[in-house]
């Protein structure tokens, strides 16, 4: 494992630990789209777990894995303390994120940029993570179907915008430099989601 990877994993572990602590310490301040969110630990845990899985054979991995397991035990303790009410809060957040995803698509379809407070949260990734986390507690078939329809609408919007851009560039004979075509906020909005 190179130093960049080690630093990245260390940073991700710190973010995961902080998310668990803040979620536990700010119970009454949590909201779906606020600073403190019930799902914040999972939004850090799932991508971190994927990274750690790819380095299991590395000797430097053992310390990171031990830290990951310690933080995960704290998360499990918080889950037990929160009980069913905590899981229901996660489900309400899933519903709120699905509605925010629909809002993002409405803005895209109208050719407008979506407000940054919605797009900065990686809504589609969060929906995917909550699906994985809540599928054992709730029947999610209706929401899964709705999100699948929204994903299809998003693909159609992207294809239509891509075709319109190509036609426009051909008509004017110009195109933006590649670094201008995809500003970072647009890249976040155009991510396919956590799968």
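Observations, loosely collected:
- Extended-chain gain in nm, criterion 0.36 nm per residue less alpha-carbon gap, residue 25 and residue 58: 8.4 nm
- Full extension of the chain between residue 70 and residue 106 yields a length gain of 8.8 nm, computed as 0.36 nm times the residue separation minus the alpha carbon distance.
- Using a Förster distance of 25 Å, the FRET efficiency for residue 136-residue 99 (Cβ separation, nearest 0.05): 0.60
- Note on residue 87 and residue 149: their simple-model spin labels are 2.7 nm apart, each label 7 Å out from Cα toward Cβ.
- Separation between Cα centres of the stretch 26-59 and the stretch 66-87, rounded to whole Å: 11 Å
- Residue order, fewest to most surrounding Cβ atoms within 10 angstrom, among 73, 158: 73, 158
- Among 78, 110, 126, sorting on how many other beta-carbon atoms sit within 10 Å of each Cβ, with the fewest leading, yields 110, 78, 126.
- Largest to smallest principal axis extent of the C-alpha atoms in the stretch 13-120, angstrom: 51, 32, 18
Every read-out reported here was derived from the displayed coordinates using simple, explicitly stated rules and does not represent laboratory data. None of these values were measured; they are calculated from a predicted model. Backbone-built Cβ (ideal geometry, glycine too); neighbour counts: all protein chains shown.
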